[in-house]
Amino acid sequence: MTVATLSGWEVTGIVAGVIAATLAIPVLTLAIRQELRATHRGMVEWQDEKVNDGTFMIRNVGLDIARDVTIRAWSSLDPVVTEVAKTVPTGEAVKVHLPRREQAGPDLSEVPPHIEIPRVPDEMPTMDAKYNGILAGSQMEIDRQTQWQKLKAAQDARDAHRQLMVESVTGQQVAVTISWRTKYSQWHKDELRTG
């Protein structure tokens, strides 16, 4: 038998259970909402897409809508540029424009210096016509071809390494900070480096 005291009255049975349940519903609802706010991380992820040296698209690639989005971007040439969007649904992007970086391009002063050595021709040089028939299959001609192939492979590897170094340094020169809130008003912040 359920017994409850309400303003000096003793209530028993089903009535006490109904009163207790009625009073508990708003408390439980509030607790559930607070739990959702505290635990809801939101499925918002950001990805940068370079349009040119000074224009970038910051795209929501997550599953949820980002609300009250603020994007701040800057580089060594440009002060902080702020873009504000009310909401950014999944798949949509916000354009960020850094005019000075677009005009000047990436800062190559941070890239380590490149030591220039004589370049190997892209095509193997042909032999002089008067020696072509005599040396066509000789060891001397085979050695010459092998030497060119080794030098060309080393040159291509150096060029590829240099390109990776340049991309690595210039690809980190623009800092982007994104803040947004999710459906349950939980605020989030993410930082990207791009170039």
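Just a few scattered comments:
- Leading residue by the ranking (modelled with the lowest pLDDT) among those in segment 120-150 that are loosely packed, with under 11 Cβ neighbours inside 10 Å and in a loop (DSSP other than H, G, I, E, B): Ala136
- Counting only residues that are exposed (fewer than 10 other Cβ atoms within 10 Å of the Cβ) and either modelled with pLDDT of 80 or more or touching a strand residue (DSSP E or B) at 6+ places or on another chain (Cβ under 7 Å) (or both), segment 90-112 holds 1 of them.
- Consider segment 62-76 and keep the residues that are hydroxyl-bearing (Ser, Thr, Tyr) and touching a strand residue (DSSP E or B) at 6+ places or on another chain (Cβ under 7 Å). The one that is farthest from Glu102 (Cα to Cα) is Thr70.
Matching residues to (1) surrounded by fewer than 14 Cβ atoms within 10 Å (Cβ to Cβ); (2) in a helix (DSSP H, G or I); (3) of a type in the set (A, V, I, L, M, F, W, C):
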{"position": "Ala157", "(1), (2), (3)": "yes, yes, yes"}
{"position": "Leu164", "(1), (2), (3)": "yes, yes, yes"}
{"position": "Glu167", "(1), (2), (3)": "yes, yes, no"}
{"position": "Lys189", "(1), (2), (3)": "yes, no, no"}
{"position": "Leu192", "(1), (2), (3)": "no, no, yes"}
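The values are calculated or read from the model by the stated rules, or taken from the named source; none is laboratory data. Bear in mind the structure is a predicted one, so any value in this text is a computation, not a measurement. A quick note on method: Cβ atoms are made from the backbone with ideal geometry, for glycine too, and the neighbour counts reach across all protein chains shown.
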